[in-house]
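See structure below.
The values are calculated or read from the model by the stated rules, or taken from the named source; none is laboratory data. Predicted model, so just to flag it, every value in this text is computed and none were measured. Here the Cβ is made from the backbone with ideal geometry for all residues, glycine too, and neighbour counts use every protein chain on show.
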Amino acid sequence: MRGVWHFSFTVADLGRSVAFYRDLLGFTLVHRQEQDNDYTRRLVGYPDAVLRVAQLAVPGQPRGVSTHDLELVEYVVPRGEPRDPARHLPGAAHLALAVEDARAEHTRLAAAGVRFVNPPAKITAGVNKGGYACYFLDPDEITLELVQPPASL
């Protein structure tokens, strides 16, 4: 293993999701493309696949083996139906984002209409004791987390 290349979410509307991650969360759009080729069809395992893809990066984050941290994928063909986004189901995932002030970010994002599972909760146990964290949802109900590390980190 050389490192993590990227994390990916399948979304219903690429434009809507790019706007959310770029304009609300502050990611930088690195690249956008349509993938309508044999390689992509073999990779994803759908013989007629057509994808729209956007690659985004966290500003100021050191680049590893890739140019981006997050890849958003919209399946144009085949179209998919939304899945049950419940966090307790096997296979569910979330992406945790480090922030300086979870309460301020919660206030800012909630004012923009972002849906939160909970307000920032003080972390009272474990390695991040003294910090704050909260879950919120992207436009496809993908769970995201804001984490404010404790002052000691």
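For residues that are part of a loop (DSSP other than H, G, I, E, B) and free of Cβ contacts under 8 Å to residues at least 24 places away in the same chain, scanning just segment 90-106, find the one that is farthest from Phe7 (Cα to Cα).
Checked segment 90-106; the qualifying residue farthest from Phe7 (Cα to Cα) is Pro90.
When you scan segment 48-65, do you find a residue that is surrounded by fewer than 16 Cβ atoms within 10 Å (Cβ to Cβ), more than 22 Å from Ala98 (Cβ to Cβ) and at pLDDT 95 or above, even just one?
Within segment 48-65, one or more residues are surrounded by fewer than 16 Cβ atoms within 10 Å (Cβ to Cβ), more than 22 Å from Ala98 (Cβ to Cβ) and at pLDDT 95 or above.
Inspect all residues belonging to segment 78-89 and state whether any of them is in contact (Cβ under 8 Å) with a residue 40 or more places away in the chain, under 23 Å from Val4 (Cβ atoms), buried (at least 16 other Cβ atoms within 10 Å of the Cβ) and touching a Ser or Thr at 6+ places or on another chain (Cβ under 9 Å).
no
Is it the case that Pro150 is in a loop (DSSP other than H, G, I, E, B) and either of a type in the set (S, T, N, Q) or within 20 Å of His6 (Cβ to Cβ) (or both)?
Taking the combined requirement at face value, the residue does not satisfy it.
Please find, among Leu72, Leu144, Leu109, the residue that is among the hydrophobic types (A, V, I, L, M, F, W, C) and either in contact with an Asp or Glu (Cβ under 9 Å, 6 or more places away or on another chain) or part of a loop (DSSP other than H, G, I, E, B) (or both).
Every option except Leu144 fails the conditions.
Using the structure shown, decide if Pro62 is in contact (Cβ under 8 Å) with a residue 40 or more places away in the chain, part of a loop (DSSP other than H, G, I, E, B) and not charged (D, E, K, R).
no
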